[in-house]
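The values are calculated or read from the model by the stated rules, or taken from the named source; none is laboratory data. The structure presented is a predicted model; accordingly, all values stated were derived computationally and were not measured. No Cβ is skipped: glycine too gets one built from the backbone with ideal geometry, and neighbour counts run over all protein chains shown. Note: areas computed on protein heavy atoms with side chains; ligands, DNA, RNA excluded. Shrake-Rupley method; radii C 1.70, N 1.55, O 1.52, S 1.80 Å.
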Amino acid sequence: MIHAFLPPRAVVREVGLRDGLQSIARVLPTARKLEWIRDAHAAGQREIEVGSFVPAHLLPQLADTAELLAYAKTLPGLFASVLVPNLKGAERAIAGEADLMMVPLSASHAHSLANLRKTPDEVVAEVGRIRAARDAAGSKTLIDGGVGTAFGCTLQGHVDPDEVLRLMQALLDAGADRVSLADTVGYADPAMVRSLFERALRIAGDRLWCGHFHDTRGLGLANVYAALEVGITRFDACLAGIGGCPHAPGASGNVDTEDLVFMLESMGVATGVDLPKLLDLRQRVAGWLDGETLQGTVWRAGFPKTFAPVEGVAA
């Protein structure tokens, strides 16, 4: 039975193909990635970030994003998104008819310069140019301004919540359709999450799109729960808990997709995901990434006898 203070359903947005694979040195063959997308869709996942339009010499792991996007667009009901760091990447996302392009902005000035070689306000200006290009093209691709290092930064340390909210508002003013908040380096705790998301919701309302948490210190699911309680119903996660930011030391370990789906379904929050199928996919991906550090617990422990997933929800 669902708890009165929780939403009836939530979306688990798979970002392993981008945020996960960019943190791993090996380049997974395109055929494997296509299989991953196909089988994640077959398991009921309906929002997948398939890659990032960044120069191939910077992230060769993601050089086949255009091909993955083209394939994802053929799967019924799949909302396919990509990350774009600048206008050039956005133009490729528009050309590929991505459903959404996420533009990352770091509220930490030190991280912003290391990650994008731009200040946060320069990224806001770039979002304005991306919005103009999107509109001029007559494109339906949505723009999500993702505010990263929203709870602290391994390079800078403290990040002022007021600065996070100022930048979030600036992104909306510049033309972002939606905004998200990310604990890029795993500094958040549930009290911090509740406080910042409550304030962010008062500013952005239903345009506050998603929560992105890392499990660096074991608080990923607790932070999801805190955001869920205040009304957030979409969360990024990586299959097998892979992921991290190349320019944020210690950021490894995104919230694990399978564990998150299990927690939500166990609480009566429908995800539309077939968990046994998802675990089968995890086992195959683990084989493809043999030798890499993987996370997660449900795959090892199995389901408790009391577990009853939500039934009758269309994927």
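The slack between residue 288 and residue 38, meaning 0.36 nm per residue of separation minus the straight C-alpha distance, is 88.4 nm. Per-atom-type breakdown for the chain gives carbon and sulfur 54% of the accessible area (1.4 Å probe, protein chains only).
The label-point distance for residue 122 and residue 195, in a model that sets each label 7 Å from Cα toward Cβ, rounds to 3.1 nm. Extent along the principal axes, Cα only, for region 1-62: 49, 22, 17 Å, with the longest axis given first. Computed over protein heavy atoms with a 1.4 Å probe, the accessible surface of region 100-226 works out to 38 Å² per residue. DSSP beta bridges in region 67-167, what fraction antiparallel, as a percent rounded to 5? Around 10 percent antiparallel, to the nearest 5. Considering only 274, 206, 39, the mean-square fluctuation computed in a Gaussian network model of the chain, springs between alpha carbons under 10 angstrom, is largest for 206. Principal axis extents of the Cα atoms in region 147-292, from largest to smallest and rounded to whole angstrom, are 43, 35, 29. Note: region 64-163, Cα convex hull, 111 Å³ per residue. The Cα trace of region 1-129 gives Rg and Dmax of 16.0, 50 Å, the first to one decimal, the second as a whole number. Under 12 Å from the Cβ of residue 127, count the other residues' Cβ atoms, weight Lys and Arg +1, Asp and Glu -1, and hand me the total. Surrounding charge for residue 127 is -1.
Here the relative contact order of region 144-193, from alpha carbon pairs under 8 Å that lie six or more residues apart, stands at 54 percent. Seen from every direction in turn and averaged, the convex hull around the alpha carbons of region 152-194 projects onto 3.4 nm². Each label point was placed 7 Å from the Cα along the Cα-to-Cβ direction; for residue 274 and residue 30 their separation is 2.8 nm. Taking the inverse of the mean 1/r over every pair of distinct Cα atoms in the chain gives a Kirkwood hydrodynamic radius of 19.3 Å. Annotation: extensible slack from residue 70 through residue 267 equals 67.4 nm (criterion: 0.36 nm per residue apart, minus Cα-Cα distance). Can you give the net charge of the other residues whose Cβ lies under 10 Å from the Cβ of residue 97, counting K and R as +1 and D and E as -1? With Lys, Arg at +1 and Asp, Glu at -1, the neighbours total +1.
Beta bridges per DSSP, both residues in the chain: antiparallel share near 5 percent. A Förster distance of 30 Å, applied to the separation of the beta-carbon atoms of residue 203 and residue 300, puts the FRET efficiency at 0.15.
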